[in-house]
Structure formats: C-alpha cells, structure tokens
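Each remark here refers to the structure printed beneath this line.
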Amino acid sequence: MASLPRIGWIGAGRMGVPMAGFILKAGYPLSVYSRTPASRHKLATLGAREALSTADCARAADVIFAAVPDDAALREVALGPQGVLANAGPGAIFADTSTVSPEVSAEIDRDAAAHGVAYLRMPISGNAASARSGDITVLVSGPEAAWRSVKPIVETFSKTQAYLGAGEQARYMKLVINAVVVSTAQAMAEALTLGRKAGLEWNLMLDTIAHSTIASPWLKAKIALLKPRDFTATMTPRLILKDIDLMLAAARANEVAMPLMSLTRELWQGLVSEGYGEEDYMAAVKLAEKRSGLGTDITD
C-alpha cells in the first residue's frame, strides 16, 4: 500500500488551523510552520510536527499549503532562498489558499516553474466558522495533474471544489465572489436601516427576508447572526478593504468599470474610521443606522 504524501502547512491562523486539523485527522503526516507559536502548538496537539522555519517545513513535505493574509506575506513565504519554492523537493506541489492579487500569483508561478514545483492557486470561499465545520468551497486553478494528485487531501477539509483552469482563474473567481458578497452586504445594511426606520419590527423583517425568493445560504447565515445583533467577526471590514482593493486593481488591469465597488470602498473605509474595523463586516448595518439617526441598540 502506497504511503500517504507528507504535508507542509504554512500559516496557522483562523482558517489555517481548522483546515490543517482536518488533514491531520484524516491520517496524513503534517509539518506546520507559523510565526505565532500558539498557533503551531494547536496543531501539534493534534499530531503535527512543528517546523523550525518555512524552509524546514517545505523540505519535509511533498505537498505544501500556505494560508497567509496578503501579497507581501505570500512573497515572503514563497520566494527567496528561505522560501517554499527554493526548498521544496523535486516534484513537490505548492498550493496557496490565500486571497491575493493575480499579479503576485503569476509571479509565484514563474518562480515555481523555474524550481520544478507545481503551483496551485487555491483560494477559499468561506470563513473561520465554515472552515471549522469543513463547509467551505475551494476554488482551484493551475496544473490539472497536480490538482488530481492533491484533491483527496483537499476533500478532507472542504465541502465543494471547483477546478477552473490552468492559470489565474481561481484568483479572479475569488474576487468575483467577494465582490458579490460585499455589494450584497452593503445593500442589505441600507435596506434593513430603511425598514427599521420605517417601523418594521426587526426580527419579523429578517424572518420575512429569510423566507423570500432572495434567500441564499449566505443570507440565511447572516440573518441568524443579525437577529441577536451578533457582530462577532467572521471577516472584518479591515480585511474586506484589502479584498476590495484587489478587486479594483483587477478591474483597472482589465479595463472594467466598477463604480459601485469604488463607492462601497469609501463607505467601508468609514466602518474602519468609526471604530468597526475589527467587528464582522455586517457592522455595515450599524454604520448605516447611525448615519440615519438610529441607535445601534435594537431597543432604541
């Protein structure tokens, strides 16, 4: 019986820890590296080996996953003499689950090819809560043979996988999905504020929306949190602003007009400026209420 591939996991944050945890529970040998010792320790308690560095993690693995916050972090992890690509073995696969720009992703692809490493773009559609339950969608592009090789691993921590092509398609797909989410969230904030100021009862209004033709799994999940006014972060406005900047940069590069997204970026900068930057992005509701003369306590 063939042995299971050795897994390397770099970046053990709110998304990375549960995803890597599912891989460990499926029996794969896994090494983890994160700059935060507490994050590494969480996975070590599940049986992971704590790597000493990014290079150490890459050298010990056949398949290396990364889950990092932005372009700069991905460059730091992937490139240079201490990066994944310079230290991965022949025939290794590097799968990056981060939300980053297509331009940086293409840069990583060129360096991966020079080192003989197969590079998969693998951004995640979901949040920390859905990652903990394994209810995320993985968007994939890159060499199809590499994808077929890692698919059984990815299936351990995800509900759905979509292979989109050999290039940067997964990066653009993630931006498309996030653009829909952000636009819908802002529209919902404004609509709920209108309903509340016009005298609609909060829970009844939300229940009616949840049973209407516009209901979706995302909408129902947000309504479940909005009813008790729970704005505990699943994704913060500060992080969403980073994603909006990626969307607008991609739009400029492809000569696409996105006036609604440009305006939404200004509105969500207001969320951060007014102190909501570390709450859930649906705190857009509270800002809309505040600017319409409503209190943010539902009893007001």
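The values are calculated or read from the model by the stated rules, or taken from the named source; none is laboratory data. Computed from a prediction, not measured in an experiment: that's the story for all the values here. No Cβ is skipped: glycine too gets one built from the backbone with ideal geometry, and neighbour counts run over all protein chains shown. Side chains included, ligands, DNA and RNA excluded: accessible areas come from the protein's heavy atoms. Shrake-Rupley method; radii C 1.70, N 1.55, O 1.52, S 1.80 Å.
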Checklist outcome for this item: Selection from segment 211-237 of residues surrounded by 17 or more Cβ atoms within 10 Å (Cβ to Cβ) and of a type outside the set (Phe, Trp, Tyr) yields Leu219, Lys222, Ile223, Leu226, Ala233, Thr234, Met235, Thr236, Pro237
Item to check | Failed item in (1) crowded, with 16+ Cβ neighbours inside 10 Å; (2) among the hydrophobic types (A, V, I, L, M, F, W, C); (3) not in a helix (DSSP H, G or I), with Trp268 passing the rest | outcome: (3)
Item to check | Only one of Ser130, Ser183, Ser149 that is part of a helix (DSSP H, G or I), open to solvent by 10 Å² or more (accessible area, probe 1.4 Å), among the hydroxyl-bearing types (Ser, Thr, Tyr) and modelled with pLDDT under 95 | outcome: Ser130
Next on the checklist: I'd like the full set of residues that are touching a residue at least 40 places away in the same chain (Cβ under 8 Å) and part of a helix (DSSP H, G or I), limited to segment 134-146.
Outcome noted: Ala146
Item to check | Residue in segment 160-167 that is in a helix (DSSP H, G or I), modelled with pLDDT of 95 or more and either under 20 Å from Leu267 (Cα atoms) or open to solvent by 60 Å² or more (accessible area, probe 1.4 Å) (or both) present | outcome: no
Item to check | Scan of segment 32-46 for residues that are open to solvent by 10 Å² or more (accessible area, probe 1.4 Å) and either touching a Cys at 6+ places or on another chain (Cβ under 8 Å) or within 14 Å of Thr156 (Cα to Cα) (or both), ordered by number | outcome: Tyr33
Checklist outcome for this item: Pairing a residue in segment 110-123 that is at negative phi with any residue that is part of a helix (DSSP H, G or I) and among the basic types (Lys, Arg), where Cβ atoms lie under 9 Å and the two sit 6 or more apart in sequence or on different chains, gives Arg121/Arg171; Arg121/Lys174; Pro123/Arg171; Pro123/Lys174
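Among the residues of segment 237-276, how many are touching a residue at least 12 places away in the same chain (Cβ under 8 Å), over 22 Å from Ala170 (Cα atoms) and not acidic (Asp, Glu)?
Residues that pass the stated criteria total 13.
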Checklist entry - Hey, any hits in segment 275-290 for a residue that's within 21 Å of the chain's Cα centre (by Cα) and surrounded by fewer than 17 Cβ atoms within 10 Å (Cβ to Cβ)? => result yes
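Filter segment 186-203 for residues that are in a loop (DSSP other than H, G, I, E, B) and of a type in the set (Gly, Ala, Ser); which is most open to solvent (accessible area, probe 1.4 Å)?
Filtering first and then ranking leaves Ala198.
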Checklist entry - Could you say whether any residue in segment 240-255 is at pLDDT 95 or above and in a loop (DSSP other than H, G, I, E, B)? => result yes
Checklist entry - If you take the residues of segment 8-31 that are assigned to a loop (DSSP other than H, G, I, E, B), open to solvent by 20 Å² or more (accessible area, probe 1.4 Å) and of a type in the set (A, V, I, L, M), which of them is farthest from Ser149 (Cα to Cα)? => result Met15
Next on the checklist: I'd like the residue in segment 103-127 that is of a type outside the set (A, V, I, L, M, F, W, C) and open to solvent by less than 10 Å² (accessible area, probe 1.4 Å) and, out of all such residues, is farthest from Thr234 (Cα to Cα).
Outcome noted: Tyr119
Next on the checklist: Residues to consider are Pro5, Pro69, Pro81; find the one that is out of contact with any Ser or Thr (no Cβ under 9 Å at 6 or more places or on another chain), open to solvent by 40 Å² or more (accessible area, probe 1.4 Å) and either hydroxyl-bearing (Ser, Thr, Tyr) or outside any helix (DSSP H, G or I) (or both).
Outcome noted: Pro81
